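Inspection log for the structure reproduced underneath, given as structure tokens.
The values are calculated or read from the model by the stated rules, or taken from the named source; none is laboratory data. The shown structure was predicted, so the numbers you read here are calculated from the model rather than taken from an experiment. Backbone-built Cβ (ideal geometry, glycine too); neighbour counts: all protein chains shown. Ligands, DNA and RNA are stripped out before the accessible areas are found, and what is left, the full protein with its side chains, is counted by its heavy atoms. Shrake-Rupley method; radii C 1.70, N 1.55, O 1.52, S 1.80 Å.
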Amino acid sequence: MEHNRMVRTWMPIALCVLALLAACDGSAARYEAGAACGGLSEVTAIRDAGVDALRSQAEAGRCTIHADAADAAALARQQAMLQAVSVIACGAPAISVGETSPVRLALQLPARCPLSSSTPLISTGRGWHKRQPVSIPFYPPAAIREQQQGRVELTLLLDAQGKPQAIIVARSTGHPLLDEAALKHARAWRYEYEAPGKPASMSLVRDTVDFKLN
């Protein structure tokens, strides 16, 4: 009997202590009812160069992101980036809402997604370094015949292991063949985190692929 009374006495206290510890744990992302788009309120850093407009806004209490692109390829890259962010940040993919077209879409993030209004959602990517050696990119024969060359600037979304989860074009060469070849080449890249502490769950890094004719 005495043992049972002690268990009943200490159980509420233990539960309160656990709740307080959970509330004080700053490493875990939490849902904020008033955060709306939170760290995704500003989406410039994850906008593809071929996307004319990218904006986020709260609709019916959920974060919805609208994109208008110059072409279908750019919109596909943008959609892949947004879906990767949604899966990592919210634990589930976003859903398409409203009318869509080959150059326009609207994605709504899952309900109760923990988008903090006070904590940056995506790290700037400091501390990441690309593993060496890096292979030579494939030069499309059609691009060679047409004397196409230039530098493609890419923005890569890395997970905590340094693997690209999505890649967009930050600055195009003006040649879709070269842009697409650069994207395919960069998907095999892997990065190592060399800064103190643990990397963020997702980070953005900028990198380039050069195509130069001899």
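Could you list, in sequence order, the residues of segment 196-214 that are open to solvent by less than 80 Å² (accessible area, probe 1.4 Å) and either part of a loop (DSSP other than H, G, I, E, B) or of a type in the set (S, T, N, Q) (or both)? Answer for segment 196-214, where residues must be open to solvent by less than 80 Å² (accessible area, probe 1.4 Å) and either part of a loop (DSSP other than H, G, I, E, B) or of a type in the set (S, T, N, Q) (or both): GLY197, PRO199, ALA200, SER201, SER203, THR208, LEU213. Restricting segment 179-195 to residues that are assigned to a helix (DSSP H, G or I) and touching a Pro at 6+ places or on another chain (Cβ under 9 Å), the residue that is farthest from ARG145 (Cα to Cα) is ALA186. With respect to the conditions (1) at pLDDT 90 or above; (2) of a type in the set (Ser, Thr, Tyr); (3) within 29 Å of THR173 (Cβ to Cβ), THR100 falls short on a single one, namely (1). Go through segment 42-55 and give me each residue that's open to solvent by 60 Å² or more (accessible area, probe 1.4 Å) and without any contact (Cβ under 8 Å) to a residue 60 or more places away in the chain. Listed by number, the residues that qualify are GLU42, THR44, ASP52, ARG55.
Residue count for segment 118-174, restricted to those that are part of a strand (DSSP E or B), surrounded by 14 or more Cβ atoms within 10 Å (Cβ to Cβ) and either at negative phi or within 13 Å of the chain's Cα centre (by Cα) (or both): 20. Test TYR193 against the stated conditions and say whether it is open to solvent by 20 Å² or more (accessible area, probe 1.4 Å), under 18 Å from the mean Cα position of the chain (by Cα) and of a type outside the set (Val, Ile, Thr). Yes, satisfied. Within this structure, ALA186 fails the test of being open to solvent by less than 10 Å² (accessible area, probe 1.4 Å) and either in contact with a Gly (Cβ under 6 Å, 6 or more places away or on another chain) or farther than 21 Å from LYS130 by Cα (or both). For GLN83, the conditions (1) assigned to a helix (DSSP H, G or I); (2) closer than 16 Å to SER116 by Cβ; (3) not β-branched (Val, Ile, Thr) all hold with the exception of (2). Cβ-Cβ contacts under 7 Å between residues 6 or more apart (or on different chains), taken from a first residue in segment 67-88 that is within 19 Å of GLN57 (Cβ to Cβ) to a second residue that is part of a helix (DSSP H, G or I), are listed as ALA67/LEU75; ALA67/GLN78; ALA69/LEU75; ALA69/GLN78; MET81/ILE46; VAL85/ILE46.
When ARG145 is tested against (1) under 19 Å from TRP189 (Cα atoms); (2) charged (D, E, K, R); (3) modelled with pLDDT of 95 or more, exactly one condition is not met: (1).
Condition check ((1) modelled with pLDDT under 50; (2) of a type in the set (Asp, Glu); (3) within 17 Å of the chain's Cα centre (by Cα)) across all residues:
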| site | (1), (2), (3) |
| --- | --- |
| LEU15 | yes, no, no |
| ALA19 | yes, no, no |
| GLY26 | yes, no, no |
| TYR31 | yes, no, no |
| ALA36 | no, no, no |
| GLY39 | no, no, yes |
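Of the candidates ALA106, ALA58, ALA92, the single residue that is in a strand (DSSP E or B), exposed (fewer than 15 other Cβ atoms within 10 Å of the Cβ) and modelled with pLDDT of 90 or more is ALA58. Please verify whether GLU180 is free of Cβ contacts under 8 Å to residues at least 40 places away in the same chain and among the acidic types (Asp, Glu), treating the condition exactly as stated. No; evaluated as a whole, the condition is false for this residue.
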